[in-house]
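Visitor: Right, I'll just put the structure down here and ask away after.
The values are calculated or read from the model by the stated rules, or taken from the named source; none is laboratory data. No experiment lies behind these values; they were computed from the predicted model shown. Note that we place each Cβ from the backbone using ideal geometry, even for glycine, and neighbour counts take in every protein chain shown. To get the accessible areas, we keep the full protein, side chains included, count just its heavy atoms, and leave off ligands, DNA and RNA. Shrake-Rupley method; radii C 1.70, N 1.55, O 1.52, S 1.80 Å.
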Amino acid sequence: AIAHLQAIAEAQPGHEDAHRELARLLRLAGRRQEAERHYRAAVIATPRDALTICDLGRFYNEEGRYDEAVAQARTALKIAPHLSPALNLLGVALAGQGNTAEAIATLERAAALDPGSVGALANLGTALAAGGRLAEAIAASERALALAPQDLTVRLNRAMALLKAGRL
């Protein structure tokens, strides 16, 4: 699949889908530098696509490059101010920077815009716990768990909040 997508991306440099999918596969294969190059190519191919910009931002966030992740999230939000995935990314990256208060406010906004977003609720719960707001963290985690009862990450986040609160 990688070789096939590489051929498409080389033959059609403006093919955003090929670059985006290739970047995803390269990231999964541990080929991080190549993945970044293709995430960037996808953004160049569609500079007004907020979700593609978020893909690059999520990559930076996974790499611990929080300043770059915040910048990508803010760029996406300039294009689509109410895009929950961009707010979610921004909140997680802000938390990575240690800016817990702004992370919580941003993730609250993401969860309000998309109450069915397990990721926004789970990330909100994590940020609230980091900010010492344990009752709210547990509540957010339980809302996420109600939406995705089998999600192990959500279950772990809830357990950690309960443990911090002395309820486990």
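Visitor: Being of a type outside the set (Lys, Arg), closer than 27 Å to Leu94 by Cβ and either touching a Leu at 6+ places or on another chain (Cβ under 8 Å) or open to solvent by 70 Å² or more (accessible area, probe 1.4 Å) (or both): is that true of Gly64 here?
Guide: no
Visitor: Right, something else. Are any residues in the stretch 4-34 small (Gly, Ala, Ser), modelled with pLDDT under 90 and either farther than 18 Å from Thr46 by Cβ or surrounded by 15 or more Cβ atoms within 10 Å (Cβ to Cβ) (or both), and if so, which ones?
Guide: Across the stretch 4-34, the qualifying residues are Ala7, Ala9, Ala18.
Visitor: Which of the residues spanning the stretch 88-110 are under 21 Å from Leu162 (Cα atoms), touching a Leu at 6+ places or on another chain (Cβ under 6 Å) and of a type in the set (Gly, Ala, Ser)?
Guide: Correct list: Ala103 only.
Visitor: I'm checking my understanding of the structure. Among residues of the stretch 38-61 that are over 16 Å from Leu26 (Cβ atoms) and in contact with a Ser or Thr (Cβ under 7 Å, 6 or more places away or on another chain), which one is surrounded by the fewest Cβ atoms within 10 Å (Cβ to Cβ)?
Guide: Of everything passing the filter in the stretch 38-61, Thr46 is surrounded by the fewest Cβ atoms within 10 Å (Cβ to Cβ).
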